[in-house]
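Undergrad: Here's a structure for you.
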Amino acid sequence: MRKTLKFLKEEFLEMLPPTIFFFVVFHILFFIRSLIANEYGISVTSSIVATIGALIVGKAVLIADKLKLLKLFQKSNLVHRVIWKVFIYTIMVFIFRYLEEVIPLISKFGSFGSANQHLLEEIKWPKFWTIQIFLVVFLIIYVSFAELIKLVGKDKFKEMVFGKKV
């Protein structure tokens, strides 16, 4: 039981930074979208989609970090590591976003093929690509800082950002 709790705690703490980062990012995007929609008299009432999006990214990053494939450029320079991780994270998030949409449709339409066809027909492609572009941009920011912190250490990074030891 102790081992399990320790494992769950470690996984939770590992998932926390990307989840918090993307929680803030997605809620800022939700706020901007609400402001724009309000300009046209459209009411946007729920930010649950932003929260779910942050959880999806956190889950995808957690799982991707366990893949040996992610460590392919571990000894490369910072730029190559960032680009590789962003690429893998983007694919993982795409897979999770897809699964989050298609799984409920399987029970509704009876088969994976029908659910997938319906999803592809009904998806709002401009919205989908807008989210993907924002996601990649913010993944670049997140991964760049995460790798930089890993490279110089948390204490040194804090000192670099805030000055003397904090």
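Undergrad: Out of Ile83, Ile88, Ile106, which single residue is under 18 Å from Glu14 (Cα atoms) and part of a helix (DSSP H, G or I)?
TA: Only one candidate qualifies: Ile88.
Undergrad: Filter region 12-53 down to the residues that are within 21 Å of Glu100 (Cα to Cα), in contact (Cβ under 8 Å) with a residue 12 or more places away in the chain and not hydrophobic (A, V, I, L, M, F, W, C) and list them by number.
TA: Pro18, Thr19, His27, Ser47, Thr51, Gly53 - these are the residues of region 12-53 that are within 21 Å of Glu100 (Cα to Cα), in contact (Cβ under 8 Å) with a residue 12 or more places away in the chain and not hydrophobic (A, V, I, L, M, F, W, C).
Undergrad: In region 120-150, which residues are modelled with pLDDT of 90 or more, among the aliphatic types (A, V, I, L, M) and surrounded by 11 or more Cβ atoms within 10 Å (Cβ to Cβ)?
TA: Scanning region 120-150 gives Leu135, Val136, Val137, Leu139, Ile140, Ile141, Val143, Ala146, Leu148, Ile149.
Undergrad: When residues of region 32-45 are filtered for being surrounded by 13 or more Cβ atoms within 10 Å (Cβ to Cβ) and part of a helix (DSSP H, G or I), how many remain?
TA: Residues in region 32-45 being surrounded by 13 or more Cβ atoms within 10 Å (Cβ to Cβ) and part of a helix (DSSP H, G or I): 2 in total.
Undergrad: Among the residues of region 80-94, is there at least one that is modelled with pLDDT under 90 and either more than 23 Å from Lys127 (Cα to Cα) or out of contact with any strand residue (DSSP E or B) (no Cβ under 6 Å at 6 or more places or on another chain) (or both)?
TA: no
Undergrad: Would region 151-158 turn up any residue that is in a helix (DSSP H, G or I) and either of a type in the set (A, V, I, L, M) or in contact with a His (Cβ under 8 Å, 6 or more places away or on another chain) (or both)?
TA: Yes: one or more hits.
Undergrad: Of the conditions (1) of a type outside the set (Lys, Arg); (2) modelled with pLDDT of 90 or more; (3) crowded, with 18+ Cβ neighbours inside 10 Å, Ile56 satisfies every one except a single condition; which number is it?
TA: Going through (1) of a type outside the set (Lys, Arg); (2) modelled with pLDDT of 90 or more; (3) crowded, with 18+ Cβ neighbours inside 10 Å one by one, Ile56 breaks only (2).
Undergrad: If Pro104 meets every condition in (1) under 21 Å from Pro18 (Cα atoms); (2) out of contact with any helix residue (DSSP H, G or I) (no Cβ under 6 Å at 6 or more places or on another chain); (3) not charged (D, E, K, R) apart from one, which number is that one?
TA: (1)
Undergrad: What about Gln74, is it touching a Ser or Thr at 6+ places or on another chain (Cβ under 9 Å) and modelled with pLDDT under 90?
TA: no
The values are calculated or read from the model by the stated rules, or taken from the named source; none is laboratory data. What you see is a predicted model, and the numbers here were worked out from it, not measured in a lab. Counting neighbours? That spans all protein chains shown, and the Cβs are built from the backbone with ideal geometry, glycine included.
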